[in-house]
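This report refers to the structure that appears directly beneath it.
The values are calculated or read from the model by the stated rules, or taken from the named source; none is laboratory data. Only a predicted model underlies this, so the values are computations on that prediction, with no experimental measurement involved. Virtual Cβ from ideal backbone geometry, glycine too; neighbours counted across all protein chains shown. Quick note on the areas: whole protein, heavy atoms, side chains included, nothing else; ligands and nucleic acids left out. Shrake-Rupley method; radii C 1.70, N 1.55, O 1.52, S 1.80 Å.
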Amino acid sequence: MIRIRELTKRYGPLTVLDRFSLDVAPGESVALWGPNGAGKTTVVRCILGLVDYEGSVQVAGLDARLRGKAVRARIGYVAQELSFYDDMPLEDVLVYSATLRNVPVARVGTLLDQFRLHDHRLKRVAELSGGLKQRLALAVALVPDPPLLLLDEPTSNLDAHSREEAIELFEELRREGRTILLTTHHMEEMGMLVDRVVAMDGGRIVTECPPGELAERLGLKVWLHVILRSHDTTRALEALESAGFAARTNSAGILVEVPAQRKGQALNTLHRAGLEIEDLEVWT
C-alpha cells in the first residue's frame, strides 16, 4: 500500500529525513515512533504531497509526486491539531466534507452511527469535548471510505478516558482491514494499535520490530504515575523501594521509574503490599 524509497527532506542546512525507506503492506498497521523532531510527521506530509522531497513515495502503486490528487483520494488523514469551523454543527461538518469529496450525503448517517455521534449531531464544534472532536475527525477522514489512514499523534491531546475510546475505534478500523500508518510517542498504546513499530531518530530508522520488543531493544524507561485509592504513599514508597524501584511522590500520587518491560512488576509490588490503584498513566 505504501512504498517509500530514499526519502530525504531538507530545510536549508537541516536534514529532517535522511534516505528513509519503508514498505507498508495492505491491511497492515504501522507506527512511526520517536521523539519530537525525529521526522515522523514529515514522512506523513511527504506522503500527502504537502512538502517537496527527494526520493520516491508510492501509494497503491501511484507515484505521490506525479499523481498527488489520485493518491490523496485513497487516504484518510487525521492531523495532530484538529481544525474545524467552531460554529458549525457536527452533522453539517460531515455533510460539508461529503459534498467537497463528491460523496453521497447518505454516507453521513452511516458515519454518525459508526462513531457513535448521532446524539451529538446538532452540537456546534465548539461545544464538543476533545474525545468527540477526535471521533469527528476520524469520521471526516472516512467520508470517502479510503483504504489508507494516516494518523498523526492521534491521542496526544486526549484525556485518559477519551484515549481509551479512541483506541477502541482504531481497533475497529484495523479489523475492517484498512491500512493504518500512525505517528506516536506513546509507547503504551502501540501494542494495542499496530502490528509493527518503526523507531525513528534524526530522520532515520533506528529499528523495526513488533511493538512488544521495542522497549527491550532500545533499553527504554518509562514513568508510571500511580494514584492510590487509600493515598497511603508512605507504605507504597517503602514497598517499591524495597523491590528496587526508584519512586517519589508528586501532588497527585506516586511516580515510579521503570524499564518499560517491567511495568507489570511494579504494579504487582503495590498489589502484594495490599494497595489498591485508583488510576494509572504511563509517561514516556
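Considering only the stretch 80-98, I want to know if a residue exists there that is closer than 22 Å to THR184 by Cβ and surrounded by 13 or more Cβ atoms within 10 Å (Cβ to Cβ). Yes, some residue in the stretch 80-98 is closer than 22 Å to THR184 by Cβ and surrounded by 13 or more Cβ atoms within 10 Å (Cβ to Cβ). Residues in the stretch 75-90 that are under 17 Å from LEU142 (Cβ atoms) and in a loop (DSSP other than H, G, I, E, B): ALA79, LEU82, PHE84. Can you find even one residue in the stretch 241-252 that is part of a strand (DSSP E or B), in contact (Cβ under 8 Å) with a residue 12 or more places away in the chain, within 30 Å of LEU48 (Cβ to Cβ) and not aromatic (Phe, Trp, Tyr)? No, the conditions are met nowhere in the stretch 241-252. When only residues in the stretch 228-252 that are surrounded by fewer than 17 Cβ atoms within 10 Å (Cβ to Cβ), among the hydrophobic types (A, V, I, L, M, F, W, C) and closer than 30 Å to THR184 by Cα count, which is nearest to the chain's Cα centre (by Cα)? Among them, the one singled out is ALA252. Of everything in the stretch 1-41, what is assigned to a helix (DSSP H, G or I) and buried (at least 23 other Cβ atoms within 10 Å of the Cβ)? Give them in sequence order. LYS40, the sole residue that qualifies. For VAL103, state whether it is in a helix (DSSP H, G or I) and not aromatic (Phe, Trp, Tyr). When the stated conditions are applied, VAL103 does not pass them. Within the option set LEU275, LEU224, LEU255, being at pLDDT 85 or above, farther than 30 Å from ARG178 by Cβ, open to solvent by less than 70 Å² (accessible area, probe 1.4 Å) and not in a strand (DSSP E or B) holds for one residue only, LEU275. Looking only at residues in the stretch 137-164 that are open to solvent by less than 30 Å² (accessible area, probe 1.4 Å), modelled with pLDDT of 90 or more and part of a helix (DSSP H, G or I), the one that is nearest to ALA70 (Cα to Cα) is ALA141. You will find that of LEU66, LEU122, LEU112, the residue that is more than 19 Å from ASP152 (Cα to Cα), out of contact with any Cys (no Cβ under 9 Å at 6 or more places or on another chain) and either outside any loop (DSSP other than H, G, I, E, B) or open to solvent by less than 10 Å² (accessible area, probe 1.4 Å) (or both) is LEU112 and no other. Scanning the stretch 5-40 for residues that are under 20 Å from ARG74 (Cβ atoms) and of a type in the set (Ser, Thr, Tyr) turns up just one, SER29. The single residue among GLN58, GLN134 that is within 30 Å of PRO211 (Cβ to Cβ), out of contact with any helix residue (DSSP H, G or I) (no Cβ under 6 Å at 6 or more places or on another chain), touching a residue at least 24 places away in the same chain (Cβ under 8 Å) and outside any loop (DSSP other than H, G, I, E, B) turns out to be GLN58. Filtering the stretch 165-221 to residues that are farther than 28 Å from ALA137 by Cβ, open to solvent by 30 Å² or more (accessible area, probe 1.4 Å) and either among the polar types (S, T, N, Q) or modelled with pLDDT under 85 (or both) leaves GLY212, GLU213, GLU216, ARG217, LEU218, GLY219, LEU220, LYS221.
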